[in-house]
Amino acid sequence: MRAMSTETMQNIISYVDQYFCDKHTTPSVNEIALGVGIPKTTAFRYLVEMDNRGMLEYDGKSRTIRTPMIKKFAPDSAPCPLVESIPCGSAQTEEENIHEYVSLPVSLFGNGRYYILEASGDSMVDAGIDSGDLVVIRTDCNAEIGDIVVALTGYSESTLKVYAGIDEDTQEAILEYRNQAKYPGEEIRVKQLIVQGVAKHVIKAL
């Protein structure tokens, strides 16, 4: 195998640092390959070797890269996929589509597995969630009564609602709306409920 070029390693670090300064996130392996002018497989091998040498930190699973400059100016963070919107009105069928990865500061959000959804609709306004808000969803925790959850209600229909427990008589799971003015007492009942995550934070644009 050919010896790895020190110049290429420095070019990768420079590209990653500049990308982070411009976009506040780190590039993918493919973007590094295009930016530095090397094949994608070569870019991956360089990242692994540079991680082994301690020149940067590269996590192939989460696709995060931390150079000395990024570690200096950015807090510890966790990669979080930003996916398509989730309805806050009636349940709708949608296919998960990751648009990009963003970094969530561990000091603010804690450790865990997260993804971010853009809310749509108005059924959760009394809970402080408006259409267009970004909702941070944690997937590695259990849903408790009163939690706001992303629920798969059947036929691949997802919705964002308050989990109100199980009806002891019908054994149905109850999902409640939170807009008393428009949807007084309205709820969704399902025989089989799959919780895809619990809402932990709401990011609003001012």
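The values are calculated or read from the model by the stated rules, or taken from the named source; none is laboratory data. Keep in mind that this is a model prediction, so the values were computed, not measured. Note: ideal-geometry Cβ built from the backbone for every residue, glycine included; neighbour counts use all protein chains shown. Areas reflect the complete protein model, heavy atoms only, side chains present, ligands, DNA and RNA absent. Shrake-Rupley method; radii C 1.70, N 1.55, O 1.52, S 1.80 Å.
Residues of the stretch 162-206 with an amide N closer than 12 Å to a point placed 7 Å from the Cα of CYS141 along the Cα-to-Cβ direction: 197-202. Taking 27 Å as the limit for the C-alpha separation, the pairs LYS40/LYS71; LYS71/LYS161; LYS40/LYS200 exceed it in the case of LYS71/LYS161; LYS40/LYS200.
The modelled label-to-label distance for the pair ASN52/ILE194, using points 7 Å beyond Cα in the direction of Cβ, is 4.0 nm.
Scaling the Cα radius of gyration of the chain by the globular reference 2.2 N^0.38 Å produces a ratio of 1.27.
Over the chain, dividing the summed -39,500 (n - 2.57) contributions of all DSSP H runs of at least 4 residues by the number of residues returns a 222 nm mean residue ellipticity of -7000 deg cm²/dmol.
At a probe radius of 1.4 angstrom, the accessible area of the chain per residue rounds to 57 square angstrom.
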